[in-house]
Amino acid sequence: MAPAFQSRPDFWSFGGLLLLLAGLGWRQDAVLRAGLWALVLAVAAGLPAQLTGPGAAQVIKDMPRVSQALIQHHAQAARLGYWVLAATSTLALLALLQLQQQASRARQLVWLTALGATLSLGLLARAGNLGGQISHPEIREGFGTPDEL
């Protein structure tokens with residue numbers, strides 16, 4: 001099977017979130033900036049998967065044990081996770097500007113960005129699990145039962 005381009009925006013999102021939390025806890029602007037940039041790069045990492053997903057769906061749609069419903073659920077979850085990540089990335093860019101200007105509300109914006117990163121990470125993990133169920137039917141609930149076949 002030819003999967004969509006194997007970019008991992010969830011890894012970038014997770015790394016960015018960890019850096020943000022560390023930067024907030026240690027009160028280190030350099031660590032905050034690294035986390036914010038990681039979230040900006042996460043969107044770039046996810047773009048190839050978003051662009052190649054429809055082509056990958058065409059390749060696998062007629063394979064055994066692959067249903068259109070599985071493909072659609074994964075695609076919808078991936079789109080939602082990506083768009084939440086894109087919004088989080090926008091917040092990250094705004095937070096970077098606020099930090100550069102030493103604005104008083106910069107840390108509040110970083111916390112909001114961390115919340116967005118947490119949400120996008122959860123959504124991307126769900127999309128990854130749904131995609132895994134397509135290429136690894138053994139992890140599906142009911143695998144091998146007459147209902148699944």
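The values are calculated or read from the model by the stated rules, or taken from the named source; none is laboratory data. Values in this document were obtained by computation on a predicted structure and should not be read as measured data. Heads up, the Cβs are rebuilt from the backbone with ideal geometry, glycines too, and the neighbour counts pull from every protein chain shown.
Summary table below
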read-out: Some residue of region 76-93 being modelled with pLDDT of 95 or more, among the aromatic types (Phe, Trp, Tyr) and crowded, with 17+ Cβ neighbours inside 10 Å; value: yes
read-out: Close pairs from region 61-87: first in contact (Cβ under 8 Å) with a residue 12 or more places away in the chain and at negative phi, partner surrounded by fewer than 17 Cβ atoms within 10 Å (Cβ to Cβ) and not in a helix (DSSP H, G or I), Cβ under 9 Å, at least 6 apart; value: Met63/Met1; Val66/Met1; Leu70/Arg140; Ile71/Lys61
read-out: Among (1) touching a residue at least 12 places away in the same chain (Cβ under 8 Å); (2) touching a helix residue (DSSP H, G or I) at 6+ places or on another chain (Cβ under 6 Å); (3) over 15 Å from Phe14 (Cβ atoms), the one test that Pro137 misses; value: (2)
